[in-house]
1. If you go through the stretch A:464-512 one residue at a time, how many are of a type outside the set (Val, Ile, Thr) and either touching a strand residue (DSSP E or B) at 6+ places or on another chain (Cβ under 7 Å) or in a loop (DSSP other than H, G, I, E, B) (or both)?
2. Just to verify a result, which residue in the stretch A:137-164, among those that are polar (S, T, N, Q) and more than 7 Å from chain B (Cβ to nearest Cβ), is nearest to the chain's Cα centre (by Cα)?
3. Kindly indicate which of A:Gly137, A:Gly100, A:Gly168, A:Gly160 is crowded, with 21+ Cβ neighbours inside 10 Å and not hydrophobic (A, V, I, L, M, F, W, C).
4. Kindly evaluate B:Pro42 against the criterion of being more than 7 Å from chain A (Cβ to nearest Cβ), outside any helix (DSSP H, G or I) and at pLDDT 95 or above.
5. Would you check which residues across the stretch A:282-310 are under 19 Å from A:Ile87 (Cα atoms) and β-branched (Val, Ile, Thr) and list them?
6. Restricting to the stretch B:50-89, name every residue that is touching a Phe, Trp or Tyr at 6+ places or on another chain (Cβ under 6 Å) and among the hydroxyl-bearing types (Ser, Thr, Tyr).
7. Would you confirm, using the coordinates I've provided, whether A:Ser344 is in contact with a Pro (Cβ under 8 Å, 6 or more places away or on another chain) and of a type in the set (Ser, Thr, Tyr)?
8. I'd like the full set of residues that are more than 7 Å from every other protein chain (Cβ to nearest Cβ) and of a type in the set (A, V, I, L, M), limited to the stretch A:470-489.
Amino acid sequence: MSSQAHAAPHVGAAPTGFVRKYIFSVDHKVIGIQYYLLALTAVAVGIFLSVLMRLHLAWPTLHLPGFVGGLMTPEQYLSLVTMHGTIMIFFVLTTAPQSGFGNYFLPIQIGAPDMAFPVINMMSFWVTFVAFVFMVGAFFVPGGAPLGGWTNYPPLSGLGEVTGPGEGMGETFWLISISLFCLASLMGALNFIATTIDLRAPGMSLMRMPLTVWAWLVTAILGLLAFGVLLAAGILLLLDRGAGTSFFIPAGLVVSDTVQNHSGGSPLLWQHLFWFFGHPEVYIAILPGMGVASHVLSTFSRKPVFGYKAMVYALCGIGFLGFMVWGHHMFVSGMSPYSGLAFSFLTLAIGVPSAIKTFNWLGTLWGGRIQFTTPMLYALGFVSLFVSGGLSGIFLAQPAVDLYLHDTYFVVAHFHLIMGVAAIFGIFSATYFWFPKMFGRMMNDTLGRLHFWITFIGVYCIFMPMHFIGIVGHPRRYADSTGVNYLATPLLHHVHVFMTVAAIVTAIAQLLFFFNFFWSLKFGAKASQNPWLATTLEWTIPSPPPHDNFGGNYPSVYRGPYEFSVPGAQDDFIPQNLTPAQAGQAR
Amino acid sequence: MEMKTPGKGSTGTALLLALLIVVLVGWTVYTFGAGKYQPPAPITQIGQEIDVQYQRTLWVTGIVFVLSQLGLAWAIFRFRDRGQRATFSRGNNTLEALWTTATIVLFLGLGVMARHAWAATHFVEADSDAIRVEVTGNQFVWNFRYAGPDGKFGRLDNKQVASSSGNPLGLDAADAAGKDDIVVPTLTVPVDHQVELLLRSQDVIHSFFVRELRLKQDAVPGMVIPIHFTATQIGRYEIVCTQLCGLGHYRMRSFLDVVSDADYQKFLKDQEQALLPAPAATAAAQDAAATATSGVAAK
């Protein structure tokens with residue numbers, strides 16, 4: 001579309017020094033890999049924390065190494081809950097699919113040499129890195145990590161150590177980390193939007209963009225509008241904690257018989273600000289996965305995406321409605337019940353574009369020639385998990401039904417399936433799919449498949465039973481079941497043990513992935529330019545791509561992104577940059 | 001792995017994946033349907049209505065779940081690579097319109113049907129003759145206050161809060177209306193009589209949840225949030241905290257005792273006579289106090 005794409009700052013010789021090339025690099029590909037490796041580190045930490053939690057829930061008296069006296073205390077359990085959630089949501093589910101793969105492939109897929117603002121891009125990664133250091137650092141400060149959950153509601157999070165260990169320095173570290181993360185994400189979002197709007201290759205009209213690019217664009221818009229709100233909320237809470245303000249803390253609180261010196265704040269204000277960010281954040285995590293799923297399903301069904309335009313509108317619809325549903329987290333918060341009803345209908349409405357996407361994925365498969373590559377297996381798993389996790393949302397969207405299910409394990413099951421493992425399946429699919437392009441080598445297929453089978457069965461065995469104990473009324477964030485009679489039953493205990501065993505097996509299976517990833521970097525079979533016979537621009541350049549992506553020959557685009565099995569064409573795929581003459585068909 | 005030759009190995013994979021999805025569907029439908037995991041029977045009219053709505057939702061989502069997952073499994077098996085050429089299709093606007101309309105009708109229809117139970121509990125204020133009990137959460141106990149014979153809640157003064165010396169709510173010693181206020185660690189209400197709870201918190205956010213009431217409401221510091229219900233079954237039910245409130249969250253538990261009218265009057269009389277300033281907030285005392293019929297003489 002525009003000629004400035006060819007005059008981006010990236011053009012020129014690649015840096016040769018180690019630091020400029022691999023550490024403080026401004027190359028979007030290096031930055032994408034940096035983000036991905038950060039997410040890989042974070043996911044290892046997050047999984048480890050979840051296994052500790054599961055062990056404790058199944059066998060509360062089990063002696064675990066690393067805990068004073070060998071037993072996990074309730075406050076330690078809650079800090080694991082908090083840190084697992086925070087690390088997974090911010091540093092894995094936001095970092096890998098959007099900042100990682102988006103950074104690497106968005107410019108290439110639209111035919112650009114780099115992001116619009118390469119230096120800002122570098123800064124967003126390094127600020128995210130510092131945020132991660134602060135987050136993990138919270139474990140090591142006096143009092144340990146915070147215990148207020150990833151939602152971090154004040155006053156619990158606003159009064160300091162008086163409300164619990166971890167609410168002192170640990171909580172401050174948490175808030176600093178999140179604020180930095182917001183800052184980095186704002187820079188990233190800005191970059192993604194500017195790049196998509198301004199740097200598309202000639203012929204790459206909006207309706208010729210791959211659905212991955214659409215997903216990254218909508219996600220970036222969500223990020224731009226959402227992270228600023230959380231940043232503000234985080235700073236206000238830091239002020240409440242350190243500077244004596246009372247944005248979120250009302251007058252006259254008494255903790256341990258001591259009156260707190262605050263007045264005039266509102267705890268609900270935090271919830272509104274947090275969820276105004278928090279709900280779009282759910283879509284920030286899942287939309288890139290939807291993009292990848294559409295992309296991969298089309299490629300390995302050898303069929304165009306069914307209803308491409310409907311998919312684009314559904315993405316935009318989810319993004320738009322995603323900002324109007326935050327109140328469904330607050331049905332029982334004390335918010336006006338009339339607002340509750342409005343949020344209920346808006347939430348049920350967001351089920352509609354979600355359903356449109358699901359049906360279109362099935363439509364894409366229908367009549368296809370399905371090739372069960374590892375990335376395809378993960379994309380199929382994504383669809384199954386998305387359906388399973390999405391439908392439980394219909395229960396929670398109704399305030400009357402939520403009166404019972406709110407803050408039970410039913411909710412834990414719901415969001416883990418849809419924004420946890422469905423999004424993770426999107427990341428896995430993307431990894432197996434793009435690894436050959438990123439590193440020039442194929443990942444091992446046998447290990448990949450084994451990893452898929454165990455993980456697919458495993459995640460269902462972990463999270464499906466959580467619905468069942470949620471229906472019994474098991475509240476979430478309970479350190480153990482001893483305090484409530486109806487929880488201390490053999491039935492619920494057996495379910496906890498079952499889920500824990502499933503979690504351990506699934507966690508161990510992830511070692512297959514880590515091994516495969518690093519082993520294939522060095523020993524994987526050499527990948528050709530287009531091993532999947534795919535159509536988008538990244539497959540028209542060498543694997544791995546040269547420094548400025550297209551080696552100076554910037555592409556022009558002549559067709560949509562998913563031209564598979566076009567009648568009359570010689571091959572069953574037509575790359576986007578082929579002219580009608582080259583494609584051997586009159587258009 | 002480079003692109004495989006057509007069809008190689010795809011039947012086994014397709015079968016396995018399709019089969020796994022079918023097993024998943026069977027397991028899920030069986031477990032949701034078999035009734036092994038159930039909420040306890042509701043003890044309010046609205047609770048029954050909520051259960052009906054839950055069942056409706058289970059049917060609608062269940063059918064969508066089964067059809068989509070089986071559709072996925074079928075597509076995986078039926079359209080596996082056997083060397084065929086894929087059918088070329090960019091989509092179908094009729095189908096798009098059809099499933100968009102169907103989901104709008106189904107999902108929003110459920111919302112419309114769920115409206116009544118929510119409105120009946122949340123849009124309508126409690127009757128003027130409802131029994132009013134103030135519920136206060138603090139880390140990590142519940143306290144329940146009845147207004148006493150004068151029908152008036154006494155003033156509270158946060159500076160006078162002293163849970164160890166029997167004034168966990170900080171009843172203002174200077175206010176006569178508070179002299180007869182009853183403060184107990186469990187909630188006793190008469191059957192078939194509307195009860196209004198006024199939820200408060202002293203420190204952080206807590207949440208009041210009784211499964212049998214199908215009712216949950218956060219207790220937010222700085223706010224007084226009213227909820228109401230009419231219990232129709234005599235019995236003892238657990239009150240649990242469902243908002244993360246700190247390290248003792250998992251054991252912040254109390255009891256709801258729904259008793260006959262006569263027993264309720266007896267409970268009030270006993271409490272008025274005893275008028276413990278406030279029982280100590282230990283678990284043992286909580287259990288004991290619920291059925292306490294005698295105590296030290298009133299101050």
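The values are calculated or read from the model by the stated rules, or taken from the named source; none is laboratory data. All figures in this text were calculated on a predicted structure; none of them were measured in a lab. Using ideal geometry, Cβ is built from the backbone for each residue, glycine included, and neighbour counts are taken over all protein chains shown.
1. Let us first name the residues in the stretch A:464-512 that are of a type outside the set (Val, Ile, Thr), namely A:464-468, A:470, A:473-481, A:483, A:485-488, A:490-494, A:496, A:498-499, A:502-503, A:507, A:509-512.
Okay, now just the ones that are also either touching a strand residue (DSSP E or B) at 6+ places or on another chain (Cβ under 7 Å) or in a loop (DSSP other than H, G, I, E, B) (or both), so A:470, A:473-481, A:483, A:485-486, A:488.
Count: 14.
2. Applying the first criterion (polar (S, T, N, Q)) to the stretch A:137-164 yields A:151-152, A:157, A:163.
The next check asks that each one be more than 7 Å from chain B (Cβ to nearest Cβ); those that pass are A:151-152, A:157.
Numbers: A:Thr151: 16, A:Asn152: 19, A:Ser157: 25 Å.
Only one residue fits best here, namely A:Thr151.
3. Values: A:Gly137 fails: crowded, with 21+ Cβ neighbours inside 10 Å; A:Gly168 fails: crowded, with 21+ Cβ neighbours inside 10 Å; A:Gly160 fails: crowded, with 21+ Cβ neighbours inside 10 Å.
None of the other options fit; the residue is A:Gly100.
4. Criteria met by B:Pro42.
5. Answer for the stretch A:282-310, where residues must be under 19 Å from A:Ile87 (Cα atoms) and β-branched (Val, Ile, Thr): A:Val282, A:Ile284, A:Ile286.
6. Correct list: B:Thr57 only.
7. Numbers: in contact with a Pro (Cβ under 8 Å, 6 or more places away or on another chain): yes; of a type in the set (Ser, Thr, Tyr): yes.
Here the answer is yes, as A:Ser344 does meet what is asked.
8. Correct list: A:Leu487, A:Ala488.
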